[in-house]
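These notes are about the structure you will find just below.
The values are calculated or read from the model by the stated rules, or taken from the named source; none is laboratory data. All values derive from a computational prediction rather than experimental measurement. Positions of Cβ are generated from backbone atoms using ideal geometry, with glycine treated the same way; all protein chains shown enter the neighbour counts.
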Amino acid sequence: MNAFLLFKDRVIEDSLTDCRLKDDLELSRLIESMALEEGMGRPDPYIKETVSMVFSSGNLCRTKEDILYRQEILTDCIHNPEKIRRLYILISKCIEANRDTYLSITHKKAKFMLDVSVKTLLAMEKILKEVFRCAREMLPLCHSEGLCRLLNDLLLLFDPVHLDRMRSFAEDMSTKNGITSAATLGKYFKADGFHSCRNQKVEKKGLLRFLSREKNCVEFDIDMNDPDVSPALSALRDDMVISSASVLVQSKNELYEYFNELKRELSFYIGCLNLKNELEKLGISVSMPKVCGKKPVPEKVLPADSGGIAFVSFKNLYNVSFSLQEKRASVSNTIDCPGEKIIVITGSNQGGKTTFLRSLGQALLMMNSGMFTASAAFEACPGEVFSHFIREEDESLKSGKLDEELLRMNNIVDHITPGSWLLLNESFASTNEEEGSEIAMEIISALHDHGIHIVYVTHFYHLTRLLMEADPEGVLYLNAPRDESGGRSFRLEPGEPVVRGYGEDLYEEIFNIEGVTL
């Protein structure tokens, strides 16, 4: 049994988000917000772990169909938030009822495990009937393939008629009133081949039980003071119930595994509902992104089935992590990048370039996870997100800063595939402009030719000149402008790359102390 709420035909992998991508895109605040339900004092560690798992490379959607599959389920959840939360709570209760008794069956523990399994199944009966009622109420309200399939499975598995039979069977298997088992006589008249029978409730005791016994029944008493009796009886009981204990324990454990998987996948959608509530409180609109199909790549560059280059377009895109941290909506951006273009962002310091780059990376990651985006509209092609941001000096002094940048880029090149997104922030700024521009030009040209989406924040004007000389129409330049008074709007605008601004900012930062210009 599988839930199949995140993929149509497989379960998610047990892996976490890459730490570098998490730091570069500032995902920690986003993940914590998804794990923080209204009224809770701290984030739920279970939901937090789930979101980190879904954001990992192996659990992201690779195709348009996979993204639409999750989007449809999330849409149903958004339309029925209270019911999906109720189902999540009920599944959590089933797991709690099972958790303390999740042990392996062994021959020596057969009777104990049989009693524990019976007790657990009986305790779950009431919760399972609530699950059935919840699924029955939700089914007419849902339209997604994944959620409808799950609800139909729950209705089939936990039909009250089936649950009544389960309860009756579990009660019959209980050893509270003794054990009834059939066996054959083996060598030396030793009992062999035990077959458990439904245990009969013993209502008569003492003389009444003796008088009502069957005529062919043979009974005998055992001296319990004999030290060898207790171990022998224990071994006999285990032999008698081992088969039925194995069946019940296996059934209980399968239910436990199913509920664990279902809770894991449901918790992702609960996290999406939590994030949506937080963003709406800040006045940030959300929308389901439109997923583009892949465009063909020239045969001279790549095989026909290797992927393609696409475009990105969005309206009023917000930086989620910044907004959540500052408790206010960040400045939004509206960009339309048609065709197969590299995006290069230039402009003055603290003009919103890195904030924009992070907002784009967050939106792409959220889209690839099947989520909504913090925008009025968003459209892009699916593809894994890689980041290469400038970092602090290596304190261990094992390598120079440029060596460290090249090592990280080499690791990215080893894993990146056609159709992926590469976000670069001040990459190769650790060397001089001419050398850094040459390195960047060779890397981004080669990756772009192989179907990689490139978004580059840089102060290298020499790099922009190389790009314009190589392909004047192949780059979309975005600038972080300043007005005449030096004020910043923190919005990016298409236009010619900015030549000046970096040196002026450094001068003001260094020499303008407490408002006094030296």
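Give all pairs with beta carbons closer than 7 Å in which a residue from segment 37-62 that is in contact (Cβ under 8 Å) with a residue 40 or more places away in the chain meets a residue that is among the basic types (K, R) and crowded, with 21+ Cβ neighbours inside 10 Å; count only pairs at least 6 apart in sequence or on separate chains. Partner pairs satisfying both residue conditions: T50/R264; C61/R70.
Does T517 satisfy the criteria of being closer than 20 Å to F356 by Cα and either modelled with pLDDT of 60 or more or loosely packed, with under 12 Cβ neighbours inside 10 Å (or both)? Considered against the rule, which asks whether it is closer than 20 Å to F356 by Cα and either modelled with pLDDT of 60 or more or loosely packed, with under 12 Cβ neighbours inside 10 Å (or both), T517 comes out as no. Those strands (runs of 3 or more DSSP E) of segment 328-408 in which at least 3 residues are assigned by TED's automatic domain parsing to the domain that holds A480 and of a type outside the set (G, A, S), considering only elements entirely within it, cover 333-337, 342-347, 385-389. Residue count for segment 130-148 under the criterion of being out of contact with any Cys (no Cβ under 7 Å at 6 or more places or on another chain) and buried (at least 16 other Cβ atoms within 10 Å of the Cβ): the result is 9.
In segment 437-476, the qualifying residues are those that are within 23 Å of D24 (Cα to Cα) and aromatic (F, W, Y), and the one that is farthest from the chain's Cα centre (by Cα) is F460. Take the conditions within 19 Å of S323 (Cβ to Cβ) and more than 15 Å from the chain's Cα centre (by Cα) and apply them to D23. Does it pass? In short, yes.
Does segment 415-426 include one or more residues that are part of a helix (DSSP H, G or I), hydrophobic (A, V, I, L, M, F, W, C), at pLDDT 85 or above and in contact with a strand residue (DSSP E or B) (Cβ under 8 Å, 6 or more places away or on another chain)? Checked segment 415-426: no residue is part of a helix (DSSP H, G or I), hydrophobic (A, V, I, L, M, F, W, C), at pLDDT 85 or above and in contact with a strand residue (DSSP E or B) (Cβ under 8 Å, 6 or more places away or on another chain). Considering segment 7-32, and only residues there that are part of a loop (DSSP other than H, G, I, E, B) and touching a Phe, Trp or Tyr at 6+ places or on another chain (Cβ under 7 Å), the residue that is nearest to R391 (Cα to Cα) turns out to be T17.
Given the criteria under 30 Å from A376 (Cα atoms), surrounded by 20 or more Cβ atoms within 10 Å (Cβ to Cβ) and modelled with pLDDT of 95 or more, does L275 qualify? Against the criterion (under 30 Å from A376 (Cα atoms), surrounded by 20 or more Cβ atoms within 10 Å (Cβ to Cβ) and modelled with pLDDT of 95 or more), L275 qualifies. Is there a residue being more than 23 Å from Q71 (Cα to Cα) and either modelled with pLDDT under 85 or hydrophobic (A, V, I, L, M, F, W, C) (or both) anywhere in segment 359-368? Within segment 359-368 (the criterion being more than 23 Å from Q71 (Cα to Cα) and either modelled with pLDDT under 85 or hydrophobic (A, V, I, L, M, F, W, C) (or both)), the answer is no, since none of the residues qualifies.
If the condition is being aliphatic (A, V, I, L, M) and either surrounded by fewer than 20 Cβ atoms within 10 Å (Cβ to Cβ) or more than 17 Å from T354 (Cα to Cα) (or both), then segment 411-453 contributes I412, V413, I416, A429, I439, A440, M441, I443, I444, A446, L447, I452.
F4 satisfies every condition listed in (1) outside any helix (DSSP H, G or I); (2) at negative phi; (3) not hydroxyl-bearing (S, T, Y) except (2).
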